[in-house]
Amino acid sequence: MPAIRLPNGAIKTFEAPISVADVAASIGPGLAKAALAGKVDGRLVDTSYVIDRDAAVAIVTEKDPEGLDVLRHSTAHLLAYAVKELFPDAQVTIGPVIEDGFYYDFSYKRPFTPEDLAAIEKKMADLAQKNEPVVRSLLPRDDAVKLFERIGEHYKAEIIASIPSNDPISLYTEGKFTDLCRGPHVPSTGKLKVFKLMKVAGAYWRGDSRNEMLQRIYGTAWAKKEDQDAYLRRIEEAEKRDHRKLGRQLDLFHQEDIAPGLVFWHPKGWTVWQQVEQYMRRVYQDNGYLEVRAPQILDRSLWEKSGHWENFKENMFTTESEKRDFAVKPMNCPGHVLIFNSDLRSYRDLPLRYGEFGACHRNEPSGALHGLMRVRGFTQDDGHIFCTEEQIQPECTSFNQLALDVYRDFGFSDVVIKLALRPEKRLGDDSAWDRAENALRDALRACNVQWTELPGEGAFYGPKIEYHLKDSIGRSWQCGTMQVDFQMPARLGAEYVAADDTRKVPVMLHRAIVGSLERFIGILIEHYAGAMPLWLAPLQAVVLTITDRQAAYAERVAGALRAAGFRVAADLRNEKITYKIREHSLQKLPYQLIVGDKELEANSVAVRTRGGEDLGSMSLDALLARLREEAAGHGRFLSV
């Protein structure tokens, strides 16, 4: 007689084992209709799951985050069902949930076309309308292999055969289609009402370039049509803001196959880079960091001692000289430890804060490269703090406030904090990880902030606080980190003289605020749609002449603004003023300063903002005061 404890604390008892669906029905017909899945003692299960013991049970509906995942997972299977109906020779492989949707990989004799996608989506809608039950069953592993081999699904048979245990394999059947899956799934296809197929891309079987190239169909699915419509609008807006397109349009940077994953910065783009770097350099200087510089190429023995050779070798560029193996640094931390080790340190020196705009290189797969967002060569605002264990909390607490202040200056006020915990592959014992993770929790509590925890997502040498920035269209970008490392200093022989004259190993805090400057600039371009705030804009204003008579005056105005520290050009071309205004508007300049005969006589300028607002005539002193105020406000001055 199972006793079921509901989320509101109520207890319901039943005379016999009962399914999740029947528990929902016992609460009310509305909940029974809305049920997509259940949670039994915290585990997500199908509504058909039978409870034969006392348990805590929650009914999962479309209002729950897990409900949306179940909808998307089930829609991926509906996609595979539709493909098999339309293209019986296609073979299905894997189809997981991803952020905002799902995908499924297929092997087929020819590329899918846009017309195919439209037909598949229509077939999905037809199958959903049939409201066919989705039924779970179990088969021994070897029997499941034989089943999929018999129906010609060789990829599924290979997946099942690679499962080491002969434990029963769970299968899901809807109509004529059976698929391998752990589940859970919606109880019937009629629950799947809001979805759209987005695109087709290539993907290697099992992510290995030596294997067959499959076709990956991406889709999105939602509980409500208005949610999907809002998502599609965000996608449309994101395409307009694509930093790669804007990079070309605004002449900021470009990339070429001759240097895959690397960036050619143009003068305007390098100006933006310098604004970010010099700002962060002031942050270093104002917060007790000593700027250092470590070599780019270091002997293999260092990377073996640090643990990178064992845990990160596949991502490192290596070279050989005079029968010695070297690696181009993928991270700056070992070099900073060697700088620390170059002298005898005392507890009085701690905390010792090093900062470096360190250039790193990582051998990312070519298929993962994406503009500035995923590159092989990048520069970080990297810093490492050597401290005692007692200093971890105050250092992390002060860093948290510093990071949030920096993000506000760049125009990001919505920041989500997460704590990434020990991964399966890691250095050190559990007691060290316990101390490191608890130190970060204590620091976050002292900051009076909310955070979520990410089990298994820490670095191999320590847990980390992550800072996720929400941009102007609601996307989240992980940028800053603060990581506690008890491992690397000891592995590389770092010591300091304690107050009792004993030698102790310092704790190493790895911290970055913007992270990769390349990626952060890409985020800024998309956040502002290329219309950078005044302090970051590569060209802050242009002086436009109406006729040649104002040329000398325009040059004087531009010169005065440049002398005041602003980035200003003069457009003296013999073109119509409307043409000049339109051309510079496309370059998203913050200000256009128009000078005609009237402005020449009054020693003034007519000021036009990027948004098209006419501020009228303004003296040079008044204009300078406005520009200084706006630049000092950084990104907080600009509404996005």
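The values are calculated or read from the model by the stated rules, or taken from the named source; none is laboratory data. These figures come from a predicted structure and were not determined experimentally. Glycine also receives a Cβ, built like all others from the backbone with ideal geometry; neighbour counts cover every protein chain displayed.
Contact annotation: residue pairs with Cβ atoms under 8 Å, 6 or more positions apart or on different chains, pairing a residue in the stretch 481-504 that is on the phi < 0 side of the Ramachandran plot with a partner that is in a loop (DSSP other than H, G, I, E, B) and among the hydroxyl-bearing types (S, T, Y), are Q483/Y461; D485/Y461; Q487/Y461; M488/Y461; K504/T388.
Is there a residue being touching a Pro at 6+ places or on another chain (Cβ under 7 Å) and in contact (Cβ under 8 Å) with a residue 40 or more places away in the chain anywhere in the stretch 332-340? Looking for residues that are touching a Pro at 6+ places or on another chain (Cβ under 7 Å) and in contact (Cβ under 8 Å) with a residue 40 or more places away in the chain, one finds at least one in the stretch 332-340, hence yes. Of the residues L427, L444, L440, L419, the single one that is buried (at least 16 other Cβ atoms within 10 Å of the Cβ), touching a strand residue (DSSP E or B) at 6+ places or on another chain (Cβ under 9 Å) and assigned to a loop (DSSP other than H, G, I, E, B) is L427.
Set side by side, the residues E575, E630, E583, E601 differ, and just one is under 27 Å from R241 (Cβ atoms) and free of Cβ contacts under 8 Å to residues at least 12 places away in the same chain, which is E583. Taking residues in the stretch 310-322 that are more than 17 Å from E364 (Cα to Cα), and partners anywhere that are in a strand (DSSP E or B), the pairs with Cβ atoms closer than 9 Å and at least 6 places apart or on different chains are E320/F326; S321/I297. Evaluate the following for I160: is it under 18 Å from A80 (Cα atoms), of a type in the set (A, V, I, L, M, F, W, C), in contact (Cβ under 8 Å) with a residue 60 or more places away in the chain and touching a helix residue (DSSP H, G or I) at 6+ places or on another chain (Cβ under 8 Å)? So I160 does not fit the description; no. Restricting attention to the stretch 456-498, the residues being buried (at least 18 other Cβ atoms within 10 Å of the Cβ), of a type in the set (D, E) and not in a strand (DSSP E or B) number 1. Of all residue pairs spaced 6 or more apart or on separate chains, those with beta-carbon atoms under 6 Å, a first member in the stretch 203-227 that is farther than 18 Å from V92 by Cα and a second member that is of a type in the set (V, I, T) and not in a strand (DSSP E or B) are A221/T75.
Matching residues to (1) in a helix (DSSP H, G or I); (2) without any contact (Cβ under 8 Å) to a residue 24 or more places away in the chain:
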residue: A76; (1), (2): yes, no
residue: V83; (1), (2): yes, no
residue: D89; (1), (2): no, yes
residue: Y104; (1), (2): no, no
residue: E115; (1), (2): yes, yes
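Just to verify a result, which residue in the stretch 567-596, among those that are touching a helix residue (DSSP H, G or I) at 6+ places or on another chain (Cβ under 6 Å) and outside any loop (DSSP other than H, G, I, E, B), is surrounded by the most Cβ atoms within 10 Å (Cβ to Cβ)? So the residue we want is V595.
For the stretch 1-48, residues that are of a type in the set (S, T, Y) and more than 20 Å from R72 (Cα to Cα) total 3. Among the candidates R511, R503, which residue alone is within 23 Å of D349 (Cβ to Cβ) and surrounded by 22 or more Cβ atoms within 10 Å (Cβ to Cβ)? When all the criteria are applied, what remains is R511.
Scanning the stretch 130-138 turns up one or more residues that are surrounded by 17 or more Cβ atoms within 10 Å (Cβ to Cβ) and of a type in the set (A, V, I, L, M).
The residues of the stretch 277-300 that are surrounded by 14 or more Cβ atoms within 10 Å (Cβ to Cβ), within 28 Å of the chain's Cα centre (by Cα) and in a helix (DSSP H, G or I), listed by number, are E277, Y279, M280, R281, V283, Y284.
Report, by residue number, each residue of the stretch 347-376 that is of a type in the set (G, A, S) and not in a strand (DSSP E or B). The answer is S366, G367, A368, G371. Within the group L534, L544, L524, which residue is assigned to a loop (DSSP other than H, G, I, E, B), in contact (Cβ under 8 Å) with a residue 24 or more places away in the chain and hydrophobic (A, V, I, L, M, F, W, C)? It is L534.
Residue-by-condition table, conditions (1) within 30 Å of the chain's Cα centre (by Cα); (2) closer than 30 Å to N438 by Cβ:
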{"site": "T319", "(1), (2)": "no, no"}
{"site": "L338", "(1), (2)": "no, yes"}
{"site": "R348", "(1), (2)": "no, yes"}
{"site": "T379", "(1), (2)": "yes, no"}
{"site": "I392", "(1), (2)": "yes, yes"}
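So which residues in the stretch 188-239 are β-branched (V, I, T), farther than 14 Å from Y103 by Cα and modelled with pLDDT of 95 or more? Scanning the stretch 188-239 gives T189, V194. When the residues of the stretch 23-51 are filtered to those that are charged (D, E, K, R) and closer than 16 Å to S188 by Cβ, the one that is surrounded by the fewest Cβ atoms within 10 Å (Cβ to Cβ) is K33.
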